[in-house]
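Visitor: I have a structure I would like to understand better, so I am pasting it below and will then ask my questions one at a time.
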Amino acid sequence: MAHGTTIRTLHDVGADALPLDGMLADGQPLVLKGIARDWELVQTGLRSTQAAMAYLRGLDAGVPVQYSFGEPAIQGRPFYNDDFTRLNFEVRRGRLAEVLDGIAAHLEDPQPPTYYVASLLVDRALLGFGASNGLPLARYGIDAPPSIWIGNRVVASCHFDAPDNLACCAVGRRRFTLFPPEQIGNLYPGPLDPTPGGQVVSVVDFERPDFERYPRFRDALATAQTATLEPGDAIFIPSMWWHHVRSLEPFNVLVNYWWRRSPDFLSSPLPALHHALWTLRDLPQREKRAWAAIYEHYVFGPAGHAGEHLPEQARDLLGPIDETQARRIRAMLINRLNR
C-alpha cells in the first residue's frame with residue numbers, strides 16, 4: 001500500500017523525561033523509540049512468545065474478559081459482512097487463559113482464527129502488572145489507567161478516538177498508519193452502529209484498496225503517516241487522528257493510555273453528533289447554512305466570543321461551563337428528550 005511519510009521519531013527518550021508538553025502542543029503523531037524497552041513483559045517477550053504468554057498467565061486475576069473471535073475466513077480483520085448490516089465476528093466472554101490457549105493452539109497456522117482482547121483494564125485483570133510495566137504519567141498530572149490489547153495477527157480498521165493516546169508495543173510488532181482528522185471524507189467511514197470496536201471505522205480494506213469504489217482514498221494516502229513499532233516502542237496518537245493498526249506477529253500485546261485534556265464533567269461530543277443528525281442534517285439547505293452560522297458563533301468560534309458583550313452575571317451558558325452547569329444541562333436535555 002502506498003503511503004505518505006514516516007512518523008517523526010525520537011530516540012533514547014527515557015520514561016522519566018517524556019516530552020509531553022511538546023507532544024501536546026505540536027498535535028502531531030510521534031514515535032518514542034525504545035521508551036518501554038525495560039518493561040518486564042517486553043524483555044520476556046523478546047525471549048520467546050511462550051515466555052510472554054507464561055508471564056501473563058502468572059499475573060492473571062482470573063476475572064472474565066470480553067474478546068472477539070472470528071473464523072479463519074475473516075483473515076484477522078474484525079469487520080462487517082458484505083452489506084454492512086452485521087459484524088463478521090463473535091463477541092465472547094471467558095478467562096484470559098482461554099484466549100491465550102486459543103492463540104497458542106494456532107501459532108503456526110498460516111490463517112488462524114482471530115482472537116482479540118481489546119482495551120482490557122490492566123489493574124482489573126493483571127495483578128501487579130504495573131510494578132514492572134508502565135509509564136509514570138501521573139507525575140505529569142495525567143490520570144490515564146492503562147489498558148491492554150492481546151491478540152494474534154489482528155487488523156484494527158482505521159478509526160479515531162476522542163482522547164489523546166500513548167500506545168506502547170510490548171510483544172510483537174505493529175504497523176500504524178495515521179491520517180489527520182480532516183481526511184474523514186476520503187476515508188469513507190462506515191455505519192455509526194454497529195461498529196467493530198465501538199467507534200466508526202473506515203470501510204476501505206487497506207491491504208487491497210478498491211480505488212474504483214473508493215477513489216478519494218488516494219487523496220487520504222497522500223497525507224498518511226506510517227511507522228512500524230518494535231517491542232518497547234511507543235506512539236503518540238493525537239486526539240481525533242484516524243489510525244489503522246496491523247499486528248504483524250502470531251502473538252501481539254500492546255498497552256495504551258488514553259486521557260482527555262478537558263474536565264471530566266464535559267460530556268463526550270458523540271451524542272451531540274447523533275442529535276445533530278436527527279435534528280439538522282435533513283433540513284433544507286438554506287436552514288442548514290443558517291444553523292452552521294449559529295454553531296460557528298456559539299460552539300466552534302473562540303470559547304468566550306458569544307458572551308463577551310454581556311455582563312458576566314448574565315452570560316450563564318455563554319460563560320465557562322462548570323460542574324454545576326454541566327449537571328443542569330444534562331438534566332435539561334434528559335427532560336426535553338423524554339417529552
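The values are calculated or read from the model by the stated rules, or taken from the named source; none is laboratory data. The structure presented is a predicted model; accordingly, all values stated were derived computationally and were not measured. Cβ: placed from backbone, ideal geometry, glycine included. Neighbour counts: every protein chain shown.
Visitor: For the stretch 91-118, which residues satisfy the criterion of being of a type in the set (Asp, Glu) and surrounded by fewer than 13 Cβ atoms within 10 Å (Cβ to Cβ)?
Guide: Glu108, Asp109, listed by residue number.
Visitor: Could you list all residues from the stretch 166-224 that are out of contact with any helix residue (DSSP H, G or I) (no Cβ under 8 Å at 6 or more places or on another chain), farther than 26 Å from Tyr115 by Cβ, free of Cβ contacts under 8 Å to residues at least 60 places away in the same chain and not basic (Lys, Arg)?
Guide: Matches in the stretch 166-224: Glu182, Ile184, Gly185, Pro189, Asp210, Glu212, Tyr214, Pro215.
Visitor: Taking the stretch 8-43 on its own, how many of its residues are more than 14 Å from Glu230 (Cα to Cα), at pLDDT 95 or above and either assigned to a loop (DSSP other than H, G, I, E, B) or polar (S, T, N, Q) (or both)?
Guide: Count: 3.
Visitor: Identify, from the list Leu121, Leu166, the residue that is aliphatic (A, V, I, L, M), under 18 Å from the mean Cα position of the chain (by Cα) and exposed (fewer than 15 other Cβ atoms within 10 Å of the Cβ).
Guide: Answer to the selection: Leu121.
Visitor: Going by the conditions given, is Ile148 in the same structural domain as Pro196 (by TED's automatic domain parsing), closer than 21 Å to Asp233 by Cβ and modelled with pLDDT of 95 or more?
Guide: Against the criterion (in the same structural domain as Pro196 (by TED's automatic domain parsing), closer than 21 Å to Asp233 by Cβ and modelled with pLDDT of 95 or more), Ile148 qualifies.
Visitor: List pairs: first in the stretch 6-24 and of a type in the set (Gly, Ala, Ser), second not in a strand (DSSP E or B), Cβ under 7 Å, 6+ apart or cross-chain?
Guide: Cβ pairs passing all conditions: Ala15/Ile35; Ala15/Leu135; Ala15/Pro136.
Visitor: Within the stretch 313-327, is even one residue within 30 Å of Ala138 (Cβ to Cβ), free of Cβ contacts under 8 Å to residues at least 40 places away in the same chain and surrounded by 12 or more Cβ atoms within 10 Å (Cβ to Cβ)?
Guide: Checked against the condition, which is being within 30 Å of Ala138 (Cβ to Cβ), free of Cβ contacts under 8 Å to residues at least 40 places away in the same chain and surrounded by 12 or more Cβ atoms within 10 Å (Cβ to Cβ), the stretch 313-327 yields at least one hit.
Visitor: From the list Phe89, Phe160, Phe176, Phe129, exactly one residue is in contact with a His (Cβ under 7 Å, 6 or more places away or on another chain) and either at pLDDT 95 or above or under 21 Å from Pro209 (Cα atoms) (or both). Which is it?
Guide: Exactly one of Phe89, Phe160, Phe176, Phe129 is in contact with a His (Cβ under 7 Å, 6 or more places away or on another chain) and either at pLDDT 95 or above or under 21 Å from Pro209 (Cα atoms) (or both), namely Phe176.
Visitor: Suppose we filter the stretch 8-51 for residues that are closer than 25 Å to Pro181 by Cβ and either of a type outside the set (A, V, I, L, M) or not assigned by TED's automatic domain parsing to the domain that holds Ala220 (or both); how many remain?
Guide: Selection size over the stretch 8-51: 9.
Visitor: Right, another one. If we only count strands (runs of 3 or more DSSP E) wholly inside the stretch 133-231, which ones have 3 or more residues that are of a type outside the set (Lys, Arg) and over 30 Å from Asp264 (Cβ atoms)?
Guide: Once the strands (runs of 3 or more DSSP E) in the stretch 133-231 are filtered for at least 3 residues that are of a type outside the set (Lys, Arg) and over 30 Å from Asp264 (Cβ atoms), what remains is 225-229.
Visitor: Ok, one more. Looking only at the stretch 72-94, how many residues end up being within 24 Å of the chain's Cα centre (by Cα) and either farther than 21 Å from Gln199 by Cβ or not β-branched (Val, Ile, Thr) (or both)? Give the derivation first.
Guide: Of the stretch 72-94, the ones within 24 Å of the chain's Cα centre (by Cα) are 74-81, 84-94.
From what's left, either farther than 21 Å from Gln199 by Cβ or not β-branched (Val, Ile, Thr) (or both): 75-81, 84, 86-90, 92-94.
Matching residues across the stretch 72-94 total 16.
Visitor: For the stretch 48-100, what are the residues that are part of a loop (DSSP other than H, G, I, E, B), of a type in the set (Gly, Ala, Ser) and in contact (Cβ under 8 Å) with a residue 12 or more places away in the chain? Write out each step before concluding.
Guide: Keep residues of the stretch 48-100 that are part of a loop (DSSP other than H, G, I, E, B), which gives 48, 61-63, 71, 75-79, 81-86, 88-89.
With the extra rule that they be of a type in the set (Gly, Ala, Ser), the set shrinks to 48, 61-62, 76.
Within the stretch 48-100, Ala61, Gly62, Gly76 qualify.
Visitor: Quick one: in the stretch 124-163, which of the residues that are surrounded by fewer than 20 Cβ atoms within 10 Å (Cβ to Cβ) and of a type in the set (A, V, I, L, M) is nearest to Val31 (Cα to Cα)?
Guide: In this case the residue turns out to be Leu137.
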